[in-house]
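Report on the following structure.
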Amino acid sequence: MNAKVVVVGSLNMDLVARAQRLPRAGETLPGESFFTVPGGKGANQAVAVARLGGSVAMIGNVGDDDYGRQLHRALYVEGIDCQGVITCQGVSSGVALITVDAASQNCIVIIPGGNGLLTPQSVQRFDALLQAAEVIICQLEVPTDTVAWTLARGRELGKQVILNPAPATGPLPADWFAHIDYLTPNESEAEALTGVAVADLDSARRAGERLLQLGAGKVIITLGAQGALLVTPEGHQHFPAPLVQPLDTTAAGDTFIGGFAAGLVRGLEEGEAITFGQRAAALSVTRAGAQPSIPYLAELAP
Ligand code: RIB
């Protein structure tokens with residue numbers, strides 16, 4: 001069966017330390033626990049689509065190491081089409097060093113490894129997957145020219161193109177916007193893309209309108225406990241977040257995006273798909289780790 005969603009992006013092994021608080025510069029801080037789990041924004045989003053009822057294929061790279069084999073297997077056991085997950089010889093797999101504090105805040109350092117070798121040509125090899133898909137999702141943990149190529153190809157093929165601009169360090173190239181149906185930054189990413197400090201719904205709306213002016217089709221700004229704001233040329237709509245006690249917010253955004261995409265390909269209306277993604281993300285923040293925290297469809301109340 002052809003996958004309805006294709007994710008082009010990163011796979012990382014997450015090395016997670018929990019501590020009471022995040023360390024300051026130069027400080028050695030005793031931690032409380034350590035675990036290693038599959039992650040990476042691209043792979044997390046693919047897992048979220050699969051667990052939440054969508055068929056999905058992943059295009060990305062791992063290194064020829066134990067982490068790479070584990071990352072590949074983590075997707076395979078979810079029923080994800082992994083023909084586009086390639087093992088790069090002589091490089092390590094991507095890793096993410098994550099610290100989570102008692103307030104469930106995190107900070108993350110990523111080392112790209114094989115993710116850094118995902119070229120436009122490597123994606124082009126799997127053009128049949130893109131052609132068969134309804135929705136194509138990219139993030140920013142693989143090389144910029146690869147994201148640019150994939151967005152343009154998605155538009156050329158007439159697919160729904162979602163860009164999760166994470167991690168964002170500054171404005172996006174101007175010629176990307178016309179290829180994006182849904183741009184999905186969080187608060188800090190929206191600020192990096194627009195220069196508008198996003199702290200509340202009003203500032204989120206202004207950032208969203210700026211991104212529309214730049215050419216994005218629609219913008220969904222995720223605001224953590226404040227919910228999500230959909231900004232379109234017709235206006236804006238706020239979606240409040242379900243109230244939960246957070247344990248670890250890692251991959252909450254990925255779960256939202258995967259749930260949103262799964263909802264779209266399952267035929268939900270746009271607003272219903274946003275609410276569905278939010279419900280999945282809310283459950284994910286009550287659990288530790290990236291991929292282990294992503295819920296299955298059966299866990300979400302109807
Ligand atoms: O979005 C969460 C992800 O960001 C983690 O799984 C980590 O790998 C980093 O890519």
*Coil-residue GluC sites (Glu not before Pro) of segment 26-80, DSSP, other Cβ within 10 Å capped at 15*: E27, E32
*Whose amide H sits under 5 Å from the amide H of L140, counting only residues 5 or more places off or on another chain, with H placed in the peptide plane?*
A166
*Relative to the present Cα-Cα distance, how much length would full extension add between E32 and R287 at 0.36 nm per residue of separation?*
90.2 nm
*asked:* Run through segment 253-302 and list the GluC sites (Glu not before Pro) located in a DSSP loop whose Cβ has at most 16 other Cβ atoms within 10 Å.
replied: E269
*Extended-chain gain in nm, criterion 0.36 nm per residue less alpha-carbon gap, H236 and A298*: 19.2 nm
*Size of the dipole of the chain about the Cα centre, Lys and Arg at +1 and Asp and Glu at -1 on the beta carbon, nothing else charged, in debye to 20?*
220 debye
*Within the set of other residues whose C-beta is less than 9 Å from the C-beta of S293, count the net charge using Lys and Arg as +1 and Asp and Glu as -1.*
0
*Expressed as a whole percentage, what fraction of the accessible surface of the chain belongs to carbon and sulfur atoms when a 1.4 Å probe is rolled over the protein heavy atoms?*
53 percent
*asked:* How big is the chain along each principal axis, measuring the range of its Cα positions in Å and listing the largest first?
replied: 51, 43, 39
*What are the trypsin sites (Lys or Arg not before Pro) within segment 3-104 that DSSP puts in a loop, where the Cβ has at most 10 other Cβ atoms within 10 Å?*
R24
*Relative contact order for segment 179-302 using alpha-carbon pairs under 8 Å, separation at least 6, rounded to a whole percent?*
19 percent
*Could you work out the relative contact order of segment 112-215, using alpha carbon pairs under 8 angstrom and six or more residues apart, expressed as a whole percent?*
20 percent
*Using alpha-carbon pairs under 8 Å, 6+ residues apart, how would you state the relative contact order of the chain in percent?*
18 percent
*Cβ-based charge dipole, segment 82-220, positive-most Cα from L129, A197, L214*: L129
*Report, by chain and number, residues whose modeled amide H sits under 5 Å from the one on I86, excluding near sequence neighbours (fewer than 5 apart, same chain).*
G60, N61, V62
_If you count only protein heavy atoms with a 1.4 Å probe, what accessible area per residue comes out for the chain, rounded to a whole Å²?_
41 Å²
*For I180, which sequence-distant residues (separation of 5 or more, or a different chain) have an amide H within less than 5 Å of its own amide H, given hydrogens modelled in the peptide plane?*
G217
*Net charge near T184: determine it from the other residues with C-beta under 14 Å of the C-beta of T184, scoring Lys and Arg +1 and Asp and Glu -1.*
-3
*Computed magnitude of the charge dipole of segment 193-302 (debye, nearest 20; Cβ of K, R +1, Cβ of D, E -1)*: 120 debye
_If I stretch the segment between A225 and C107 completely, what's the gain in nm (0.36 nm per residue apart, minus their alpha carbon distance), one decimal?_
40.7 nm
*Computed [θ] at 222 nm, deg cm²/dmol, the chain (DSSP H ≥ 4; -39,500 (n - 2.57); rounded to nearest 500)*: -9500 deg cm²/dmol
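The values are calculated or read from the model by the stated rules, or taken from the named source; none is laboratory data. These numbers come from a predicted model, not from an experiment. We place every Cβ from the backbone using ideal geometry, glycine too, and count neighbours over all the protein chains shown. The area values use the complete protein model at the heavy-atom level, side chains included, leaving out ligands, DNA and RNA. Shrake-Rupley method; radii C 1.70, N 1.55, O 1.52, S 1.80 Å.
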